[in-house]
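Written out below as structure tokens is the structure these notes cover.
The values are calculated or read from the model by the stated rules, or taken from the named source; none is laboratory data. The shown structure was predicted, so the numbers you read here are calculated from the model rather than taken from an experiment. Every residue, glycine as well, gets a Cβ built from its backbone with ideal geometry; the counts of neighbours run over all protein chains shown. Heads up: the accessible areas ignore ligands, DNA and RNA and are worked out on the full protein's heavy atoms, side chains in. Shrake-Rupley method; radii C 1.70, N 1.55, O 1.52, S 1.80 Å.
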Amino acid sequence: MDVLPRVTCPNHPDSILVEDYRAGDMICSECGLVVGDRVIDVGSEWRTFSNDKATKDPSRVGDTQNPLLSDGDLSTMIGKGTGAASFDEFGNSKYQNRRTMSSSDRAMMNAFKEITNMADRINLPRNIVDRTNNLFKQVYEQKSLKGRSNDAIASACLYIACRQEGVPRTFKEICAVSRISKKEIGRCFKLILKALETSVDLITTGDFMSRFCSNLGLPKQVQMAATHIARKAVELDLVPGRSPISVAAAAIYMASQASAEKRTQKEIGDIAGVADVTIRQSYRLIYPRAPDLFPADFKFDTPVDKLPQL
């Protein structure tokens, strides 16, 4: 769900648009058609020098407009006075900032800041933040989760946005950057899906494999083998009822033990966010069929019959 309509060239909708700030035009890089004029330069209107005082604010405009807020957050901030005329006889400032922002907008602004902070901690891109903000606004305006904290709702919205954008994160990963418990995020997740009448795709082992292997420093061959092992294990129904994350962790353990780049259960568990015993339980389920799970072109450093039996 896009926040703002996207400007594209009618003849080449996928082409990159070039911005000419001097003329204020947006030009199609394929055919040269001017598809947008009066482009606003969003850069700063001043230059900052090293000897400038940090207390000075050279900005003559307010904050950027936010289309998710009722009035776009077009508020006015009055600068702190320095002359005698700025204070009354008791030394109090005559001009005070009285923001016209409503309580609901203020609550949403605080939630948006928390969402941005959480996304920054786990390196999520801007499109995830925008989708999360949209989800939070819908939930907040429906008032369907009364009694739940805004931080819990924001954390659950971030989890849903990651799933919907195809870059899922585990509940433990969201919990690690949030102040909310895993159980509370899970409750809000189910309530939000019901309130918004939306759904998310089921997570699979492949959704996490490349990220886990990359964080473990494993080569491409081991990652491909682990992906193949996990997929075959699911196809052969060797791991019924097991979460995709635990199956992915067990597949990575098996593939790494068969290669020269071996990783321990604890190392994999720390990255995947699962306990050692959970990896062992899933590993025991797939171990008896190990010869059928590896890809045909895999180069074994440790033969299948020499793999740990746990």
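Tallying residues that are of a type in the set (A, V, I, L, M) and open to solvent by less than 30 Å² (accessible area, probe 1.4 Å) within segment 261-276 yields 3.
For (1) farther than 28 Å from Gln164 by Cβ; (2) of a type in the set (Lys, Arg); (3) open to solvent by less than 20 Å² (accessible area, probe 1.4 Å), each residue gets a yes or a no:
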| residue | (1), (2), (3) |
| --- | --- |
| Lys194 | no, yes, no |
| Ala225 | yes, no, yes |
| Glu235 | no, no, no |
| Ala248 | no, no, yes |
| Thr278 | no, no, no |
| Ser282 | no, no, yes |
| Ala296 | yes, no, no |
| Lys299 | yes, yes, no |
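Which condition number does Leu135 fail, the rest of (1) open to solvent by 10 Å² or more (accessible area, probe 1.4 Å); (2) more than 16 Å from Thr198 (Cα to Cα); (3) among the hydrophobic types (A, V, I, L, M, F, W, C); (4) at pLDDT 90 or above being met? Going through (1) open to solvent by 10 Å² or more (accessible area, probe 1.4 Å); (2) more than 16 Å from Thr198 (Cα to Cα); (3) among the hydrophobic types (A, V, I, L, M, F, W, C); (4) at pLDDT 90 or above one by one, Leu135 breaks only (2). Residues that are under 30 Å from Tyr287 (Cβ atoms) number at least 2 in the following helices (runs of 4 or more DSSP H) confined to segment 139-227: 171-176, 206-216. Of all residues in segment 264-302, those satisfying the criterion of being assigned to a loop (DSSP other than H, G, I, E, B) and in contact (Cβ under 8 Å) with a residue 40 or more places away in the chain are Gly273, Phe294, Pro295, Phe298, Lys299, Phe300, Asp301, Thr302. Residue under question is Ser155, and the condition is that it be surrounded by 18 or more Cβ atoms within 10 Å (Cβ to Cβ), at pLDDT 90 or above and hydroxyl-bearing (Ser, Thr, Tyr); does it hold? Here the answer is yes, as Ser155 does meet what is asked. If the requirement is being among the hydroxyl-bearing types (Ser, Thr, Tyr) and open to solvent by less than 40 Å² (accessible area, probe 1.4 Å), which of these qualifies: Tyr253, Tyr287? One residue alone meets the criteria, Tyr253.
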